[in-house]
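The structure appears below as structure tokens.
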Amino acid sequence: MGDFTLDLNDDQRSVRDWIHGFAADVMRPAAAEWDEREETPWPIIQEAAKIGLYSLDFYAQQFFDPTGLGIPLTMEELFWGDAGIALSIVGTGLAAVGVLANGTEEQIGTWVPQMYGDADDVKVAAFCSSEPDAGSDVGAMRTRAVFDEATGEWVLNGTKTWATNGGIANVHVVVAVVDPGLGTRGHASFIVPPGTPGLSQGQKFKKHGIRASHTAEVVLEDVRVPGDCLLGGKDKLDERLARARERAAAAGGGTESRERVKNAAMATFEASRPAVGAMAVGTARAAYEYALEYATGREQFGRPIIDNQGVAFQLADMRTQIDAARLLVWRASWMATAGKPFTSAEGSMSKLFASETAKKVTAQAVQILGGNGYTREYPVERMHRDSAIYTIFEGTSEIQRLVIARTLSGVPIR
């Protein structure tokens with residue numbers, strides 16, 4: 001027989017157990033408080049930084065795990081602890097991935113460390129892509145970046161929305177339009193350094209779930225950034241735009257083709273979808289475990305409610321769906337690390353199934369707890385609210401299905 005195995009190695013088990021301890025001992029006791037406060041849990045982030053859990057080095061180690069499982073293991077355990085606090089801890093990672101996916105080695109070395117700060121002075125970063133009129137439809141993006149030849153600077157104007165850490169971040173990564181005539185191929189990503197004039201926080205959103213994570217609008221008014229803040233550099237951008245113009249001309253002036261569209265925002269989301277799936281698995285697992293424990297101890301009609309098939313079968317389905325979701329996440333993560341293309345949109349599959357599983361499992365957990373599950377005295381109510389975000393952010397479930405269908409069929413389904 002071959003060497004195929006799903007067993008974790010000693011290092012992976014050690015890291016998983018270490019994160020689980022932090023989630024159980026530090027995050028869970030604070031979860032309800034920060035959910036009610038709807039504020040960034042800076043003390044918890046600082047505790048994570050002190051032990052090395054919130055740091056560039058830690059996430060780099062997990063990212064380069066040769067099996068691809070380092071990041072999904074980390075995400076599952078943190079989001080098992082609490083989704084809102086966990087997103088405050090890992091939200092910087094999306095901006096970091098944006099730089100890693102599009103930036104030069106020099107840009108990565110300069111800006112990614114500044115996104116995290118250090119244990120004595122923690123920082124966060126924000127990835128700004130969505131706009132009031134451009135969520136799933138990235139082609140409707142209006143934020144413009146214009147190059148000022150006289151000063152060698154890029155000038156950014158527009159409004160971003162739904163930005164995790166938006167306005168409070170040390171470093172903002174902003175996706176903007178550089179050539180409106182090229183549709184999504186005319187987009188590029190920019191670093192906005194700390195303290196840059198013209199960038200401000202707009203509306204801070206009061207959310208249904210993940211309330212310990214800061215989400216806000218980011219307003220850009222004549223924001224000037226140096227030329228070297230264009231991720232990838234201007235020469236690379238000019239080459240890419242020239243190729244896109246040639247393809248558009250060959251296609252009779254159209255800006256889209258049947259080949260898969262690549263742009264700055266999508267490159268970031270493609271790299272992060274399995275990680276979001278792992279987040280959803282963590283929340284679903286937390287709700288399932290709580291419901292299982294409750295069903296074992298709760299008695300009605302003289303016996304534990306788990307003795308009833310109506311409850312026991314729900315728990316069986318919940319666990320089966322969670323394990324299936326985890327396997328899809330692990331497969332996509334392994335494929336990405338091994339350099340295998342997502343020929344069947346495996347990354348989107350993992351995010352879609354795990355997200356839908358989290359919504360379903362947390363709803364079932366509320367149902368098993370009955371009236372108790374509907375109150376904030378029990379954590380499944382919060383988990384259920386938190387789970388709703390997974391089918392929305394970083395590509396809705398409908399968008400994931402569209403990506404999968406297009407990939408399988410080769411047809412530009414709309």
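The values are calculated or read from the model by the stated rules, or taken from the named source; none is laboratory data. Just so you know, these numbers come straight off a predicted model, no measurement behind them. Every residue, glycine as well, gets a Cβ built from its backbone with ideal geometry; the counts of neighbours run over all protein chains shown. Heads up: the accessible areas ignore ligands, DNA and RNA and are worked out on the full protein's heavy atoms, side chains in. Shrake-Rupley method; radii C 1.70, N 1.55, O 1.52, S 1.80 Å.
From the list Thr159, Thr184, Thr196, Thr164, exactly one residue is among the hydroxyl-bearing types (Ser, Thr, Tyr) and surrounded by 22 or more Cβ atoms within 10 Å (Cβ to Cβ). Which is it?
One residue alone meets the criteria, Thr164.
Only one of Gly98, Gly135 is closer than 19 Å to Val177 by Cβ and open to solvent by less than 10 Å² (accessible area, probe 1.4 Å); which?
Answer to the selection: Gly98.
Residue check: is Lys340 of a type in the set (Lys, Arg) and at pLDDT 95 or above?
Answer is no for this residue.
From the residues in the stretch 112-122 that are of a type outside the set (Val, Ile, Thr) and in contact with a helix residue (DSSP H, G or I) (Cβ under 6 Å, 6 or more places away or on another chain), which one is farthest from Lys160 (Cα to Cα)?
Across the stretch 112-122, the extreme among qualifying residues is Ala119.
If only one of Ala336, Ala363, Ala354, Ala324 is assigned to a helix (DSSP H, G or I) and more than 21 Å from the chain's Cα centre (by Cα), which one is it?
None of the others qualify; the one that does is Ala363.
Pick out the one residue from Ile51, Ile44 that is open to solvent by less than 30 Å² (accessible area, probe 1.4 Å) and hydrophobic (A, V, I, L, M, F, W, C).
Sole residue among the options that is open to solvent by less than 30 Å² (accessible area, probe 1.4 Å) and hydrophobic (A, V, I, L, M, F, W, C): Ile44.
Among the numbered criteria (1) more than 27 Å from Ala275 (Cβ to Cβ); (2) outside any helix (DSSP H, G or I), which one does Asn372 miss?
Unmet condition: (2).
Working only within the stretch 366-399, note down all residues that are in contact with a Leu (Cβ under 7 Å, 6 or more places away or on another chain) and either among the polar types (S, T, N, Q) or surrounded by 24 or more Cβ atoms within 10 Å (Cβ to Cβ) (or both).
Once the filter is applied, which keeps residues that are in contact with a Leu (Cβ under 7 Å, 6 or more places away or on another chain) and either among the polar types (S, T, N, Q) or surrounded by 24 or more Cβ atoms within 10 Å (Cβ to Cβ) (or both), the stretch 366-399 yields Val380, Ser397.
With the structure loaded, tell me whether Ala169 is in contact (Cβ under 8 Å) with a residue 60 or more places away in the chain, crowded, with 19+ Cβ neighbours inside 10 Å, among the aliphatic types (A, V, I, L, M) and more than 30 Å from Ile51 (Cα to Cα) or whether it fails that test.
When the stated conditions are applied, Ala169 does not pass them.
Under 6 Å between Cβ atoms, at least 6 apart or on separate chains: pull out the pairs that start in the stretch 328-339 with a residue that is over 15 Å from Glu76 (Cα atoms) and end on any residue that is of a type in the set (Phe, Trp, Tyr) and assigned to a helix (DSSP H, G or I).
Once the first residue is over 15 Å from Glu76 (Cα atoms) and sits in the stretch 328-339, no partner that is of a type in the set (Phe, Trp, Tyr) and assigned to a helix (DSSP H, G or I) comes close enough.
Given the condition within 30 Å of Ser355 (Cβ to Cβ), crowded, with 20+ Cβ neighbours inside 10 Å, under 27 Å from the mean Cα position of the chain (by Cα) and at pLDDT 95 or above, answer yes or no: does some residue in the stretch 228-238 qualify?
Yes, because at least one residue in the stretch 228-238 is within 30 Å of Ser355 (Cβ to Cβ), crowded, with 20+ Cβ neighbours inside 10 Å, under 27 Å from the mean Cα position of the chain (by Cα) and at pLDDT 95 or above.
Out of curiosity, is Ile108 more than 30 Å from Leu231 (Cα to Cα), hydrophobic (A, V, I, L, M, F, W, C) and surrounded by fewer than 20 Cβ atoms within 10 Å (Cβ to Cβ)?
It is false that Ile108 is more than 30 Å from Leu231 (Cα to Cα), hydrophobic (A, V, I, L, M, F, W, C) and surrounded by fewer than 20 Cβ atoms within 10 Å (Cβ to Cβ).
Out of Ala325, Ala363, Ala336, Ala354, I need the residue that is among the aliphatic types (A, V, I, L, M), open to solvent by 50 Å² or more (accessible area, probe 1.4 Å) and closer than 30 Å to Leu6 by Cβ. Which one?
After applying the criteria, what remains is Ala336.
Among the residues of the stretch 401-410, which ones are open to solvent by less than 70 Å² (accessible area, probe 1.4 Å) and touching a residue at least 60 places away in the same chain (Cβ under 8 Å)?
Across the stretch 401-410, the qualifying residues are Ile404, Thr407, Gly410.
Looking only at helices (runs of 4 or more DSSP H) that lie completely in the stretch 57-107, which have at least 2 residues being farther than 20 Å from Ala126 by Cβ?
Helices (runs of 4 or more DSSP H) meeting the threshold: 70-81.
Looking at the stretch 373-381, can you tell me whether even one residue there is of a type in the set (A, V, I, L, M) and at pLDDT 95 or above?
Yes, because at least one residue in the stretch 373-381 is of a type in the set (A, V, I, L, M) and at pLDDT 95 or above.
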